[in-house]
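Structure record follows, encoded as structure tokens.
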Amino acid sequence: MTDPILQIAGLNAYYKDFQALYSLEMHLMQGEVLAIIGANGAGKTTLMRAISGLMANGADQVRYRGQPIGALRADQVAMLGIAVVPEGRQLFPSLSVEENLLIGGRMGRKGPWSLNSVFDLFPILKECRAVPSTSLSGGQQQMVAIGRALMSNPDLILFDEISLGLAPVIIKSIYDALPVIVSEGMSAMIVEQDISKALSVSDRAYCLQEGRVSLESTSADVSRAAISQAYFGIA
Amino acid sequence: MDWVNAIVQGTLLGGLYALFAAGLSLIFGVMRLVNIAHGDLIVLAAYLGLTVVMATGLHPLLALVFVVPTMATIGYILQRGILNFTLGDDLLPPLLVTFGLSVIIQNGLLEMYSADPQKMNAGALETASFAMGSLSLGVLPVLTFAIAVVVIAGLQWMFYHTAIGRAFRAVSDNQDIAQLMGLNKRHIFGLAMALALGVTAIAGILLGIRTSFDPSVGGGRLIFGFEAVIIGGLGNLWGTLAGGVILGVAQTIGAKIDPGWQILAGHIAFLIVLAVRPQGLFPRVSG
Ligand SMILES: Nc1ncnc2c1ncn2[C@@H]1O[C@H](COP(=O)(O)OP(=O)(O)OP(=O)(O)O)[C@@H](O)[C@H]1O
Ligand SMILES: [Mg+2]
């Protein structure tokens, strides 16, 4: 835990004329689990799009293992070992469950994750490997989305609202899998609406408010008052 | 028996139309690009074949060995050099650019080869026929149909059983997320266009053996290709073959009633399908 795996410096992001992120400063250490919290529209998904290369930035605004990656295309960023579990799952509807996983693994990066280890993590997926991904329940689809990201054996994985719209029992089983995932030395950034969940699984947390960092803290000792202040901007 | 003959001949002709249509269907399926220059690219392939045949004395079908890779290369360069820049939320730029491309190809061919009709000579293959019952089947139409079936089956297999086919489907489903899987969509689009123009090369050579051609005939081939795709249902390759067959049969039956009605009958069949089943007869089943 010496050098940050990800360093964000002066990151701005725009949708046409609308500025969604303002000079963000953040870092994520090797092996760390970072939580990103914030109200709807705070810019959490935009941050993930910027890191993953789906939005073009200045090269130096995002550094990965010291290398400037802010201006790379999304496929180039993925090749470096950054995977995304996108908001709303976004599986490929014309691919079967197994094909969704295989396409996640197509870059051939070495590591512990393979079709078999993903099936070990989420045994239910093995039973429905041949069915179209859209015929699964929301929770199962989320497992496919997580498995698809793991299949690339990433060093850094970004989770965007993995519990959104899921039943509590499913959310629990997905979060129960999280320690297994990060125990392999992977670093993770977790966007989560459920603040207590986010804080309980993470080492540190940032709160975004209208595109700016409004709070940075270790997760264990952040006060409720500080969070509501950072969340809503009211004292 | 005349009617049976018309239907059989129309079916075989449908194989050629399916080959016109397959490339069109493929690029629309992968990148939502409507290629107005498709017919002219078919004609370009026919002229390339003609040039190879004249330069080397090879049989036109053997000229495919040169024309398929050449057209595929042209496709990749065209896609990466020009067409990728036209793709986006707006459907109009690719239409305008491929329309411009169509004009350029036609005029380029006119400059180089003049407006005189040309034909490739396939020797005995053109007239060879065999009897089946009381029908006489031309070897060339049967071969054309067989090639169409093999090409469609090959494309179908590639789409559903190979890694590159999976990549084509993923990019078609969701370009952003596909890129998160490490797929460079510009390259994938280039490969799709290369594949489409490889198929177009086969269509162009078979066209140039079957009938005479000149630089202006591309528009008609584009229409037949479109009609086959729409009749069959977008995004379904076997449907495209069925669409080609329906179009071919309509045309030969029309011609049987009155020789002037051949093309019209095809258009009418197309309009009927469009009116009754706008999604085509066999649309892609997607979740
Ligand atoms: N495609 C877009 N075009 C224009 N504005 C956008 C677009 N996507 C997001 N925005 C705006 O950017 C801001 C940040 O959005 P973003 O999706 O990053 O928020 P979020 O924190 O992920 O919210 P949520 O919790 O609802 O997912 C919002 O004001 C949103 O309206
Ligand atoms: Mg979001």
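Key figures
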read-out: Number of the exception - A:Asn40 against (1) within 14 Å of another protein chain (Cβ to nearest Cβ); (2) open to solvent by 50 Å² or more (accessible area, probe 1.4 Å); value: (1)
read-out: Tally, over region A:89-99, of residues that are among the charged types (D, E, K, R) and either more than 10 Å from chain B (Cβ to nearest Cβ) or under 10 Å from B:Leu180 (Cα atoms) (or both); value: 1
read-out: Failed item, numbered, when A:Ser196 is tested on (1) away from ligand 1 (no atom under 16 Å from the Cβ); (2) of a type in the set (S, T, N, Q); (3) within 19 Å of A:Phe122 (Cα to Cα); value: (3)
read-out: Count of region A:108-142 residues which are part of a loop (DSSP other than H, G, I, E, B) and either in contact with a Phe, Trp or Tyr (Cβ under 9 Å, 6 or more places away or on another chain) or open to solvent by less than 40 Å² (accessible area, probe 1.4 Å) (or both); value: 5
read-out: Whichever residue in region A:60-88 is more than 9 Å from every other protein chain (Cβ to nearest Cβ) and farther than 28 Å from A:Thr218 by Cα and, among such residues, is most open to solvent (accessible area, probe 1.4 Å); value: A:Ala71
read-out: Condition broken by B:Leu78, with the remaining ones in (1) under 24 Å from B:Gln179 (Cβ atoms); (2) hydrophobic (A, V, I, L, M, F, W, C); (3) at pLDDT below 95 satisfied; value: (3)
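Conditions tested, residue by residue: (1) within 16 Å of ligand 2 (Cβ to nearest atom); (2) under 17 Å from A:Pro4 (Cα atoms); (3) in contact (Cβ under 8 Å) with a residue 60 or more places away in the chain.
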{"position": "A:His27", "(1), (2), (3)": "no, yes, no"}
{"position": "A:Glu32", "(1), (2), (3)": "no, yes, yes"}
{"position": "A:Ala35", "(1), (2), (3)": "yes, yes, yes"}
{"position": "A:Thr46", "(1), (2), (3)": "yes, no, yes"}
{"position": "A:Gly58", "(1), (2), (3)": "no, no, no"}
{"position": "A:Arg63", "(1), (2), (3)": "no, yes, no"}
{"position": "A:Gly66", "(1), (2), (3)": "no, yes, yes"}
{"position": "A:Asp75", "(1), (2), (3)": "no, no, no"}
{"position": "A:Ile82", "(1), (2), (3)": "no, yes, yes"}
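Rundown of residues vs (1) touching a Leu at 6+ places or on another chain (Cβ under 9 Å); (2) away from ligand 2 (no atom under 16 Å from the Cβ), yes/no style:
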position	(1), (2)
A:Ile146	yes, yes
A:Ala149	yes, yes
A:Asp155	yes, yes
A:Ile171	no, yes
A:Ile174	yes, yes
A:Leu178	no, yes
A:Ile181	yes, yes
A:Val191	yes, no
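Residue-by-condition table, conditions (1) open to solvent by 40 Å² or more (accessible area, probe 1.4 Å); (2) assigned to a helix (DSSP H, G or I):
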position: B:Leu13; (1), (2): no, yes
position: B:Leu24; (1), (2): no, yes
position: B:Leu33; (1), (2): no, no
position: B:Val43; (1), (2): no, yes
position: B:Met54; (1), (2): yes, yes
position: B:Leu64; (1), (2): no, yes
position: B:Val67; (1), (2): no, yes
position: B:Ala72; (1), (2): no, yes
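The values are calculated or read from the model by the stated rules, or taken from the named source; none is laboratory data. Please read these numbers as outputs of a predicted model, since none were measured by experiment. Every residue, glycine as well, gets a Cβ built from its backbone with ideal geometry; the counts of neighbours run over all protein chains shown. Calculation scope for accessible area: heavy atoms of the full protein, side chains included, ligands and nucleic acids excluded. Shrake-Rupley method; radii C 1.70, N 1.55, O 1.52, S 1.80 Å.
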